[in-house]
């Protein structure tokens with residue numbers, strides 16, 4: 001195998017590894033977001049009384 005072919009094989013492997021890593025990270029992110037319960041925004045108001 002010449003150097004050009006070896007470089008091409010390594011390049012394809014790196015692209016594949018990045019795609020697999022990206023899909024895994026996206027899946028883990030979706031699972032974590034699904035486990036979290038949404039927090040309702042509180043209705044906070046301030047009343048100012050003048051004397």
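Quick rundown of the values:
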quantity	calculated
Residue within the stretch 36-51 that is loosely packed, with under 10 Cβ neighbours inside 10 Å, in a helix (DSSP H, G or I) and either at positive phi or out of contact with any helix residue (DSSP H, G or I) (no Cβ under 6 Å at 6 or more places or on another chain) (or both) present	no
Failed item in (1) surrounded by 10 or more Cβ atoms within 10 Å (Cβ to Cβ); (2) at pLDDT below 95, with residue 17 passing the rest	(2)
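The values are calculated or read from the model by the stated rules, or taken from the named source; none is laboratory data. All values derive from a computational prediction rather than experimental measurement. Positions of Cβ are generated from backbone atoms using ideal geometry, with glycine treated the same way; all protein chains shown enter the neighbour counts.
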